[in-house]
1. Of the residues Asp349, Asp27, Asp201, which exhibits the maximal mean-square fluctuation in a Gaussian network model of the chain defined by a 10 Å Cα contact cut-off?
2. Roughly how big is region 223-342's charge dipole about its Cα centre, with Cβ charges of +1 (Lys, Arg) and -1 (Asp, Glu), in debye to the nearest 20?
3. Over the chain, calculate the relative contact order: mean separation of alpha carbon pairs under 8 Å at least 6 apart, over the residue count, as a percent.
4. Only Cα pairs under 8 Å and at least 6 apart count here; give the relative contact order of region 208-318 as a rounded whole percent.
5. Please say if region 250-311 is rounded, prolate or oblate, where rounded means a/c under 1.5 for a ≥ b ≥ c the square roots of the C-alpha gyration tensor eigenvalues, and otherwise the choice is prolate for a/b larger than b/c and oblate otherwise?
6. Need one number: % antiparallel among DSSP beta bridges in the chain, to the nearest 5.
7. Calculated FRET efficiency, Asp201 and Thr248, Cβ-Cβ r, R0 41 Å, to nearest 0.05?
8. Among Leu230, Leu295, Leu363, which one moves the most in a GNM of the chain with springs linking Cα atoms closer than 10 Å?
Amino acid sequence: MSDAGPEDDAGPRDEAGAAPFRLTRLDLTDFRNYEALSWRPAARITVIAGPNGSGKTNLLEAMSLLGPGRGLRQARVAEFPRIRPDGGTSWAVAARLCTPDLAEPLTVGTGSAPEGSGGSAERRVVRLDGAAASQAELASHIAISWITPQMDRLFGEAPSGRRRFLDRLVWALDPSHAREVAAHDAAMTRRRRLLAEGRADPAWLAGLEDGIARHAVAATAGRRALVNRLNALLAAGVVAPFPAARLTLLCPIAARLDDAPALAVEDELRAALAASRTADAASGTAALGAQRADLALADLASGRPASLASTGQQKTLLLGVVLGHAMEIAAARGFAPLLLLDEPLVHLDEEHRRALLEALLRLPAQAFLTGVDAGPFDLLRHRADFMLCMAAGLAPNPGFARSFRQESL
């Protein structure tokens, strides 16, 4: 079951005839609890309501896989196929998007490797307009940001989650960042394997460490630039009444970039990696590299760290960062990222619930919001599409009916 929406697959245009960044069609095949879904979002903002387990988060996860990375759940590929009687493991997510940089709509597809291709069940295939694509190519056309309930604990858990959150923000501003991070991590994995196997050929290791140093400095520079830009924007109070946050990149490489040119920092890191081979072989990890970075967040006015704040305070800080980031991307790239907000009103007081919905009405971003009940989103009545998610299907919510012509994409 799906919402038909408008029939023009070419998508919307603004007054100048340019295409904003909009998802105009989404097709799921054997993804999570969806056997088949074909949906054409008809409004810039969509509220998806339904009981727990109906597939709301699965729908947002499918959208998140249209961009670089592992999606909003960081799930393994083997978790994506729908459980079915024949035991099959194939699955697919396909979408059509209007992007400002392309004259024609962009078709994006991701899913399991075709049968008979020899692809692993743990490998995800990505295609742009039918051709194989890399993470960096996805990032060059697509920007997606999200908030999930699991992120309410982001600043009380491991640094890896905060690092992934920061990298997603950087990807949206600098598409080449995806390539730098992937190349760094791949080289680090090969180095770790060689050290563990005792195959410490100096020339081979030196080549890997050269790549690690170059990619680590480039990735860190991207993170550092994004943090500085966001801090400047948030300090201006543009996300009020959400509190202005202060982001801090906790990273020795970033600290060195404050005082030395990039090439000098690369040389230092290269030498340090060579000197740490014995210790890294014994520990099975690397003490140096971009993978050691962490992100701290604090309330700018009070200085209170997010790690010491209540769940509600952390939520308002994170939402302020995401909203500010959307504004920065819109200014820098000419379009705002796709916003996926899973249960965004949970843990918010009435003032911040209203502020979030009003901010989404002002932003030029396409947004998808979920909730068990549609009632708390009533401020968006007649301004958004309200959908019911039931039994892995979508249908218009009759209590919030709106013609898509009232405020189209």
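Only the coordinates and a few stated rules stand behind these numbers; no lab work does. Just so it is clear, the structure is predicted and the values come from calculations on it, not from any experiment. Please note: Cβ atoms are built from the backbone with ideal geometry, for glycine as well, and neighbour counts cover all protein chains shown.
1. Asp201
2. Once rounded to the nearest 20, the dipole reads 160 debye.
3. 23
4. Rounded, it is 34 percent for region 208-318.
5. Oblate is the answer for region 250-311, as a/c is 1.5 or above yet b/c matches or exceeds a/b.
6. Working: 38 of 54 bridges.
The antiparallel proportion sits near 70 percent.
7. Between Asp201 and Thr248 the formula returns 0.55.
8. Result: Leu363 has the largest fluctuation of those listed.
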